[in-house]
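Worksheet: one structure, shown below.
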Amino acid sequence: MEIQLGPASGLIDGSADWDECVIASLTEWNNHLGQTGIQFNAVQGATKTPDAPDDINSVFFSNGIFGTPFDHSALAATQTWIYTRDGVDETAETDIIFNDAKPFNCYRGARAGRDTIDLRRVALHEFGHAVGLGHPDQDTPPQQVTAIMNAYVSDIDALQTDDIQGALTLYGVTVTGIPFPPRDEVLNFLLSLENEYRDGLGRSRNHASFVDTEGTATWFPEWLRYVLNDCSPAEATARVLLQISGQGTQPVCGVVPTGTIHFPPRNESLDFLHTLNAFYRDTLGLRLWQSHVDLEGKAVWLQEYLRYRVNGCNDTDASHRVLQQIHGSGAMPVCSVSASATMTGTWVGDFPFSSGDAIIEVTLSQMPDGQVTGTFSLSGENLETGVVGPEGEPGSIDPDGAFDLRFKRARFADFHYRGSIAQSGQQLRGTLYDPRFWPQNPSMVLNKR
């Protein structure tokens, strides 16, 4: 892409010029496109006036789209030239034009208002069109997803799971969403469940089924995986039957929410197992086999096992919890889910940092009740110490994400700031404030790297 956006000064995020602001968006896309085999390449210094078509992918400011004036509300436009060769569409050129009448700047975090439009997130959106994505919220029917590719600018300033999954799927990369445990561990759990029904509950082996244990261990988790990744039960069932018929793993339907993962009602799981049983009988023509566990038992206990697994429990812990439930102990809490992230941001102004980035190392734990707790530590230019808690200990993040930030700059007294860290969709975001102006005017907006 030939970037011809020109000079700028005083950009909020410290970018040297418009080109640097927009190239950051190219880089963010490239970080997620590796599996597709495509990458954006930013070319600077071109002097040729963009034209269409001229076989050059150009990114530039203009008052219109190659002679057609912008609509008064339009921020930018992406124009793609496609040729059809031997019945196959081939992209020959993609140009991205930003409306030079709009008050652009470059920053992170929440929108600063109509008079300060973030060029970087608009560029992220337009490069998504260059990849081939449309507006999910204007699809038929509209999708209710969190995405930079939604039609209107929002507080979202980074690629979301839906954006990334959409691009990967478009280029034939299988998107699996929530990871499920290895199939052999699921199979071993089902075999142990058979033994428990036989030895612990004294059940006879008289429940007929056309689906054997290995089939259940394979296809029931697949069905749940689709459901947990925003497919309806019917959509999930259709995808599983396509897989059984040799069509390969199908794309998931949407974005995975952050936090504790909630499973579908058991009657829907039981309905799927009945459908699977009929498919094995009528389409695959397989023979009956006998089980100690009836279909309802499989729907209940295999789902419980998988619920524990995707919510942070290992194989042993999940199996132990299920066996306790079978013997009347009631549902047990899921295991904690932990995540680590590095957050970085540029301080607004020259005090207490002289310039540059500050880095916060964050470790969060998602608890069974959905609360997030954790610790963090701070490092940055001109910091004598990274003290963020009492006696140099890592700072503590409250369940609501709030924290106190205390640190020392060389040759100065201690400084005290307030802040918060929160998860929004798949993103981790933090803000730091001078308590004199809390909660307005953030001194720093931090984003997950």
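The values are calculated or read from the model by the stated rules, or taken from the named source; none is laboratory data. What you are looking at is a predicted structure, and each value in this text was computed from that prediction instead of being measured. Neighbour counts run over all protein chains shown; Cβ positions are idealised from the backbone, glycine included.
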Practice item. Return the only residue of 228, 242 being in the same structural domain as residue 301 (by TED's automatic domain parsing), among the aliphatic types (A, V, I, L, M) and in contact with a Pro (Cβ under 9 Å, 6 or more places away or on another chain). Key: 228
Revision key, fill the gap. Residue 202 meets each of (1) under 30 Å from residue 136 (Cα atoms); (2) not in a helix (DSSP H, G or I) with one exception, condition (1)
Review point. Taking region 66-109 as the region of interest, how many residues are closer than 20 Å to residue 153 by Cα, of a type in the set (A, V, I, L, M, F, W, C) and assigned to a strand (DSSP E or B)?
Key: 6
Review point. Regarding residue 25, is this residue within 14 Å of residue 106 (Cβ to Cβ), in contact with a Phe, Trp or Tyr (Cβ under 9 Å, 6 or more places away or on another chain), among the polar types (S, T, N, Q) and at pLDDT 90 or above?
Key: yes
Revision key, fill the gap. Given the conditions (1) over 33 Å from the mean Cα position of the chain (by Cα); (2) modelled with pLDDT of 90 or more; (3) surrounded by 13 or more Cβ atoms within 10 Å (Cβ to Cβ), every one holds for residue 49 apart from (3)
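Per-residue answers, yes or no, for (1) in the same structural domain as residue 230 (by TED's automatic domain parsing); (2) modelled with pLDDT under 95; (3) part of a helix (DSSP H, G or I):
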| position | (1), (2), (3) |
| --- | --- |
| 61 | no, no, no |
| 125 | no, no, yes |
| 134 | no, yes, no |
| 147 | no, yes, no |
| 158 | no, yes, no |
Review point. Residue 173 versus (1) in a helix (DSSP H, G or I); (2) over 20 Å from residue 300 (Cβ atoms): which is the lone unmet condition?
Key: (1)
Study note, to complete from the structure: All conditions in (1) of a type outside the set (Lys, Arg); (2) surrounded by fewer than 19 Cβ atoms within 10 Å (Cβ to Cβ); (3) within 21 Å of residue 3 (Cα to Cα) are true of residue 144 except (3)
**Study point:** Some residue of region 92-102 being at pLDDT below 90 and closer than 19 Å to residue 127 by Cβ
**Key:** yes
Point to revise | Sole residue being touching a residue at least 40 places away in the same chain (Cβ under 8 Å), touching a Lys or Arg at 6+ places or on another chain (Cβ under 9 Å) and not in a helix (DSSP H, G or I), chosen from 251, 221 | key: 251
Study note, to complete from the structure: Residue count, region 25-34, condition touching a residue at least 40 places away in the same chain (Cβ under 8 Å) and out of contact with any helix residue (DSSP H, G or I) (no Cβ under 6 Å at 6 or more places or on another chain), comes to 3
Check your understanding: Could you say whether any residue in region 161-172 is crowded, with 18+ Cβ neighbours inside 10 Å, in contact (Cβ under 8 Å) with a residue 12 or more places away in the chain, of a type in the set (Ser, Thr, Tyr) and touching an Asp or Glu at 6+ places or on another chain (Cβ under 9 Å)?
Key -> no
Review point. If the Cβ limit is 6 Å and pairs must be 6+ apart or interchain, which residue in region 93-117 that is on the phi > 0 side of the Ramachandran plot pairs with which residue that is hydrophobic (A, V, I, L, M, F, W, C) and part of a strand (DSSP E or B)?
Key: 109/445
Review point. When region 270-294 is examined, which residues are found to be under 18 Å from residue 325 (Cβ atoms) and assigned to a helix (DSSP H, G or I)?
Key: 270
Review point. Got a number for residues in region 303-326 being small (Gly, Ala, Ser) and out of contact with any strand residue (DSSP E or B) (no Cβ under 7 Å at 6 or more places or on another chain)?
Key: 2
**Study point:** Positions within region 1-16 being over 22 Å from residue 111 (Cβ atoms) and either touching a residue at least 60 places away in the same chain (Cβ under 8 Å) or buried (at least 17 other Cβ atoms within 10 Å of the Cβ) (or both), in sequence order
**Key:** 1, 2, 3, 4
Check your understanding: Taking the stated definitions as given, is residue 83 over 13 Å from residue 127 (Cα atoms) and loosely packed, with under 13 Cβ neighbours inside 10 Å?
Key -> yes
Study note, to complete from the structure: Counted residues in region 173-194 being more than 15 Å from residue 306 (Cβ to Cβ) and free of Cβ contacts under 8 Å to residues at least 60 places away in the same chain come to 1
Practice item. Give the residue, chosen from 96, 164, 148, that is of a type in the set (Val, Ile, Thr) and under 22 Å from residue 17 (Cα atoms). Key: 96
Review point. Take the residues of region 74-90 that are hydroxyl-bearing (Ser, Thr, Tyr) and free of Cβ contacts under 8 Å to residues at least 12 places away in the same chain: which is farthest from residue 53 (Cα to Cα)?
Key: 84
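Filter region 300-316 for residues that are assigned to a helix (DSSP H, G or I) and without any contact (Cβ under 8 Å) to a residue 40 or more places away in the chain; which is surrounded by the fewest Cβ atoms within 10 Å (Cβ to Cβ)? Break it down stepwise before answering.
Going through region 300-316, the residues assigned to a helix (DSSP H, G or I) turn out to be 300-310, 315-316.
Still in the running and without any contact (Cβ under 8 Å) to a residue 40 or more places away in the chain: 300, 304, 308, 316.
Details: 300: 18, 304: 19, 308: 25, 316: 9.
Here the answer is 316.
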